[in-house]
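Visitor: I am attaching a structure below and will ask some questions about it afterwards.
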Amino acid sequence: MKLSIVTKAFNIEDALTNEKCPYCGHIHKESRQIHYDNCVERQKNLETDKTAKNDRWAFHQIYGRVLIVGREYGLYVICADYGPERQVVPINALKFGVHTKILEAIEETELPEEEIETVINILRVKLKNFTKLPKYPKLWPGCRVEIQFGDYIRKATIKSCKTNSYTAVADGKTSVVNISPKHIIRIL
């Protein structure tokens, strides 16, 4: 999935008058209207917007869980959980439904804060599109993971936790390797 376009604007009208297209990120060299008439991303977002529900919460690739403040022309004004700034994004940059329902269900449980963090971290690794802080999950000894070194992908067991890394033993091997959270593809 390509990185989504984000326009720093307080409302949709400001985003549409900006010299950068809020749908595709193209800088206007000709008239704005000519670009909007021919913008393929604009058409895709307008089509998606026609069938979209009026959800209050969504999930964004960069900002994580966001509140939808406004909606028009296939563009949504969003406000992230952390910070007062508003951004304008195309509807196709947002995910609705399951992601936000899972997060809401987790937040409504009466689990201790660190258990909630563990559950969200596991989901983040499994789905690879949870981007709320902390960026990488906190794993524990005995945790089964899939790791990648270059072209090689192996299943492994975490043996110990260090400050910013782990030691793990790959299946079928006896040697212990040091891995960072970047090597972890998913939790098994």
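The values are calculated or read from the model by the stated rules, or taken from the named source; none is laboratory data. Here the structure is a predicted model, which means the values were calculated and not measured. Virtual Cβ from ideal backbone geometry, glycine too; neighbours counted across all protein chains shown.
Visitor: Going through 23, 36 one at a time, which residue ends up being assigned to a loop (DSSP other than H, G, I, E, B) and aromatic (Phe, Trp, Tyr)?
Guide: Values: 36 fails: assigned to a loop (DSSP other than H, G, I, E, B).
Among 23, 36, only 23 is assigned to a loop (DSSP other than H, G, I, E, B) and aromatic (Phe, Trp, Tyr).
Visitor: Name the single residue, out of those in the range 174-188 being surrounded by 15 or more Cβ atoms within 10 Å (Cβ to Cβ) and at pLDDT 85 or above, that is farthest from the chain's Cα centre (by Cα).
Guide: Looking at residues that are surrounded by 15 or more Cβ atoms within 10 Å (Cβ to Cβ) and at pLDDT 85 or above, I get 177.
Rundown of residues vs (1) surrounded by 14 or more Cβ atoms within 10 Å (Cβ to Cβ); (2) assigned by TED's automatic domain parsing to the domain that holds residue 54; (3) at pLDDT 75 or above, yes/no style:
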{"site": "86", "(1), (2), (3)": "yes, yes, yes"}
{"site": "103", "(1), (2), (3)": "yes, no, no"}
{"site": "128", "(1), (2), (3)": "no, no, no"}
{"site": "137", "(1), (2), (3)": "yes, no, no"}
{"site": "157", "(1), (2), (3)": "yes, no, yes"}
{"site": "160", "(1), (2), (3)": "no, no, yes"}
{"site": "169", "(1), (2), (3)": "yes, no, yes"}
{"site": "172", "(1), (2), (3)": "no, no, yes"}
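Visitor: State the number of residues belonging to the range 160-179 that are farther than 19 Å from residue 118 by Cβ and either of a type in the set (D, E, K, R) or in contact (Cβ under 8 Å) with a residue 40 or more places away in the chain (or both).
Guide: Going through the range 160-179 one residue at a time, the tally reaches 2.
Visitor: Need the failing condition index for residue 97 against (1) modelled with pLDDT under 75; (2) touching a Leu at 6+ places or on another chain (Cβ under 9 Å), just the number.
Guide: (2)
Visitor: Something else: Please go through the range 39-56 and pick out each residue that is outside any helix (DSSP H, G or I), of a type outside the set (D, E, K, R) and within 20 Å of the chain's Cα centre (by Cα). Walk me through how you get there before you give the answer.
Guide: Let us first name the residues in the range 39-56 that are outside any helix (DSSP H, G or I), namely 39, 52-56.
Of the ones still in play, those that are also of a type outside the set (D, E, K, R) are 39, 52, 54.
52, the sole residue that qualifies.
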